[in-house]
Amino acid sequence: MRIVLDTTVLISALRSEKGAAAVVLGMALERRFVLLMDYRIACEYRDVALREQHVERSRFSFEEILQIIAELERIAEEVDIEVRHRPLSFDPGDDLILDAAINGLCDVIVTSNLRHIAGPAELFGIEAMNAGAFLTRMRTGGS
Amino acid sequence: MERQQGNIAVEAIPLYLGQGVREKAEQVSAQEGVSLVEFVSAAVTEKLDRLEHFNWARNRKTPTPESIAAALQLLRRPSSYPPDPEDELPEGWNPRSS
């Protein structure tokens, strides 16, 4: 299964190890699915996760957050963005997630922002679901 | 001359395009429903993004079993923080099944 993780999932995973997002991130590191990423997503992860309010709300130091993001970058499959469909969403931050999903032939976008991402993703035959729903999918045999 | 476009400062520069390139760019920008200026600006942005992506991809480090294990250990380190709202595990989720 080919997955794009929205930044919202990373932020939740940094917040608590007891939530679904942290389990999904762990599965990504274990390479239980193919994590898709491009340079802009790597920048977005750093830009958002390292904002002061997110570092304060997380259970990690600045350096530890960098370590986790760096490992995600290492294990990810890179996606070359050949085509950018516009307009896509209301938010440029969502567009870059959708660009990677569309160009990377993604199966599922895992996101807490279904309101903005699910509609445009569906136009390209890509499912969007939150981390909990994704775990349920994996448990019932998704691979 | 510099001016604001939203939150971004933009500056006008003289740009010389070959006639064939200009005609093609005008044709395609019209098909996309944007001005020639917007089309050129988007093309430059995309080119820069591609170059940065290429450099990023070329310079990425290879994961090792040790680096992955260290990141997993960090991620799973116990804390007292509760999950965000709407980040609950599925009902009946068994940690061993992850």
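Checking each residue of the stretch A:71-80 against the condition of being over 12 Å from the mean Cα position of the chain (by Cα) and more than 24 Å from B:L74 (Cβ to Cβ) gives at least one match. Please determine, by comparing only the residues of the stretch A:1-10 that are of a type outside the set (S, T, N, Q) and either buried (at least 24 other Cβ atoms within 10 Å of the Cβ) or under 10 Å from the mean Cα position of the chain (by Cα) (or both), which one is farthest from A:A121 (Cα to Cα). Residue satisfying both the conditions and the ranking: A:L10. Based on this model, can you work out whether B:A42 counts as out of contact with any Gly (no Cβ under 7 Å at 6 or more places or on another chain), closer than 27 Å to A:L96 by Cα and outside any loop (DSSP other than H, G, I, E, B)? For B:A42, the condition - out of contact with any Gly (no Cβ under 7 Å at 6 or more places or on another chain), closer than 27 Å to A:L96 by Cα and outside any loop (DSSP other than H, G, I, E, B) - is met. What residue, of B:E86, B:E66, is more than 17 Å from the chain's Cα centre (by Cα), over 18 Å from A:G26 (Cα atoms) and either part of a helix (DSSP H, G or I) or of a type outside the set (F, W, Y) (or both)? Going through B:E86, B:E66 in turn, just one is more than 17 Å from the chain's Cα centre (by Cα), over 18 Å from A:G26 (Cα atoms) and either part of a helix (DSSP H, G or I) or of a type outside the set (F, W, Y) (or both): B:E86. For the stretch B:1-17, residues that are part of a strand (DSSP E or B) and exposed (fewer than 10 other Cβ atoms within 10 Å of the Cβ) total 7. Restricted to the stretch B:53-78, and to residues that are loosely packed, with under 11 Cβ neighbours inside 10 Å and at the interface with another protein chain (Cβ under 7 Å from one of its Cβ atoms), which residue is farthest from A:R40 (Cα to Cα)? Applying the filter and picking the extreme gives B:P78.
Counting the residues of the stretch B:1-52 that are closer than 24 Å to A:Y39 by Cα and small (G, A, S) gives 4. The number of residues in the stretch A:105-137 being of a type in the set (A, V, I, L, M) and surrounded by fewer than 23 Cβ atoms within 10 Å (Cβ to Cβ) comes to 8. Restricting the stretch A:48-70 to residues that are under 17 Å from the mean Cα position of the chain (by Cα) and among the hydrophobic types (A, V, I, L, M, F, W, C) leaves a set whose member that is nearest to the other protein chains (Cβ to nearest Cβ) is A:I68. For the stretch A:52-104, a residue qualifies if it is exposed (fewer than 14 other Cβ atoms within 10 Å of the Cβ) and among the β-branched types (V, I, T), and exactly one does: A:V83.
Within the stretch A:100-116, if we keep just the residues that are away from chain B (no Cβ under 14 Å) and at pLDDT 95 or above, the residue that is nearest to A:L10 (Cα to Cα) turns out to be A:I109.
The values are calculated or read from the model by the stated rules, or taken from the named source; none is laboratory data. Since the model is a prediction, treat every value here as computed from it, not as a measurement. Glycine also receives a Cβ, built like all others from the backbone with ideal geometry; neighbour counts cover every protein chain displayed.
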